[in-house]
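Novice: Quick one: the structure is below, questions incoming.
The values are calculated or read from the model by the stated rules, or taken from the named source; none is laboratory data. Computed from a prediction, not measured in an experiment: that's the story for all the values here. Neighbour counts run over all protein chains shown; Cβ positions are idealised from the backbone, glycine included. Note: accessible area is taken over every heavy atom of the protein model, side chains too, but ligands, DNA and RNA are not part of it. Shrake-Rupley method; radii C 1.70, N 1.55, O 1.52, S 1.80 Å.
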Amino acid sequence: MTARIAVLASGRGSNLQAILDAIAAGTLQAEVVGVFSDKPSAPALRQVPVARRWAAKPSAFPDRAAYETALADAVAATRPDWVVCAGYMRILGDAFIARFRGRLLNIHPSLLPKYRGLHTHARAIEAGDSEHGASVHFVIPELDAGTVIAQVRVPILPGDTPETLATRLLPREHALLLAVLGLASAGQLTEQGDVTLCHGQPLLNPLSLDSADRLVS
Ligand code: GAR
């Protein structure tokens, strides 16, 4: 089965590119059925054919609800199995989340529950943490608070800046997202109410990505 993936992105689109590369290489059995953005100039949009792009400025709509309804309608029209926020930098409203709940994933650059929200790399350095990382989680109405499916860790090194840390983390983020999408597209990941099932078993703690890019308990 080929999983249909819709991607929401606001910027550069390196996570989207990683997905597209894995599909092209045959290592992810999926299809990117649409890329959706709140930024019509987002480089991410240019990674897919025009027919698979949707972008609109929220300011072009009477209110946030109207923008999100248009976005949700456009996403739903592509009949996605999974909706992936890959650098989508707007907070999704409850109505959008309810419509796609259980198939809505986000990649966040921190070891959740640490550092929800923005400036995660700077906050980890300022806190004196010895490691940082990224999490893929189900999206629920509370920001960055849904069940964490899997995480990857990188060291914070002396002299790190937010930029050097982000650069170290990014390729590991890509591997993490691909590993989780591998699970999801194989039908091995389910959110049932408050319980997340992975390979049919309740997920009690986030999985970890090992150095060989495998998800381990
Ligand atoms: C990634 O680092 C992702 O984790 C982060 O935005 C970046 C997007 O990069 N997401 C968030 O901060 C969400 N709160 P990309 O456009 O190159 O994929």
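Novice: Among the residues of segment 145-171, count how many are over 21 Å from VAL32 (Cα atoms), outside any strand (DSSP E or B) and open to solvent by 20 Å² or more (accessible area, probe 1.4 Å).
Specialist: Summing the residues that are over 21 Å from VAL32 (Cα atoms), outside any strand (DSSP E or B) and open to solvent by 20 Å² or more (accessible area, probe 1.4 Å) in segment 145-171 gives 14.
Novice: Considering every residue within segment 153-175, establish whether at least one is among the aliphatic types (A, V, I, L, M), under 26 Å from ALA30 (Cα atoms), in contact with a Leu (Cβ under 8 Å, 6 or more places away or on another chain) and within 11 Å of the ligand (Cβ to nearest atom).
Specialist: Taking every residue of segment 153-175 in turn, none turns out to be among the aliphatic types (A, V, I, L, M), under 26 Å from ALA30 (Cα atoms), in contact with a Leu (Cβ under 8 Å, 6 or more places away or on another chain) and within 11 Å of the ligand (Cβ to nearest atom).
Novice: Going by what's in this entry, would LEU181 be described as out of contact with any Cys (no Cβ under 9 Å at 6 or more places or on another chain), modelled with pLDDT of 95 or more and closer than 17 Å to ARG214 by Cβ?
Specialist: yes
Novice: Does segment 83-108 hold any residues that are over 22 Å from PRO43 (Cβ atoms) and either in contact (Cβ under 8 Å) with a residue 60 or more places away in the chain or in contact with a strand residue (DSSP E or B) (Cβ under 6 Å, 6 or more places away or on another chain) (or both), and which are they?
Specialist: Passing the criteria: PHE100, ARG101, GLY102, ARG103, LEU104.
Novice: Among the candidates ALA44, ALA74, ALA18, which residue alone is of a type outside the set (Val, Ile, Thr), touching a residue at least 40 places away in the same chain (Cβ under 8 Å), surrounded by 14 or more Cβ atoms within 10 Å (Cβ to Cβ) and away from the ligand (no atom under 15 Å from the Cβ)?
Specialist: ALA74
Novice: Identify, from the list ALA184, ALA95, the residue that is within 16 Å of the chain's Cα centre (by Cα) and either within 13 Å of the ligand (Cβ to nearest atom) or aliphatic (A, V, I, L, M) (or both).
Specialist: The unique qualifying residue is ALA184.
Novice: Which condition breaks for TYR115 when tested against (1) within 13 Å of the ligand (Cβ to nearest atom); (2) open to solvent by less than 60 Å² (accessible area, probe 1.4 Å); (3) touching a residue at least 24 places away in the same chain (Cβ under 8 Å)?
Specialist: (3)
Novice: Collect the residues in segment 6-19 that are within 16 Å of ARG53 (Cα to Cα) and out of contact with any Gly (no Cβ under 9 Å at 6 or more places or on another chain), keeping them in residue-number order.
Specialist: Across segment 6-19, the qualifying residues are GLN17, ILE19.
Novice: Could you run through segment 118-136 and say how many residues are within 13 Å of the ligand (Cβ to nearest atom), without any contact (Cβ under 8 Å) to a residue 24 or more places away in the chain and open to solvent by 10 Å² or more (accessible area, probe 1.4 Å)?
Specialist: Residues meeting the conditions: 2.
Novice: Mind listing whichever residues of segment 191-205 are open to solvent by less than 50 Å² (accessible area, probe 1.4 Å) and touching a residue at least 24 places away in the same chain (Cβ under 8 Å)?
Specialist: Once the filter is applied, which keeps residues that are open to solvent by less than 50 Å² (accessible area, probe 1.4 Å) and touching a residue at least 24 places away in the same chain (Cβ under 8 Å), segment 191-205 yields GLU191, THR196, CYS198, LEU203.
Novice: I've got another one for you. Quick one: THR2 ticks every box in (1) away from the ligand (no atom under 16 Å from the Cβ); (2) open to solvent by less than 30 Å² (accessible area, probe 1.4 Å); (3) touching a residue at least 40 places away in the same chain (Cβ under 8 Å) except a single one, so which number is it?
Specialist: Among (1) away from the ligand (no atom under 16 Å from the Cβ); (2) open to solvent by less than 30 Å² (accessible area, probe 1.4 Å); (3) touching a residue at least 40 places away in the same chain (Cβ under 8 Å), THR2 violates only (2).
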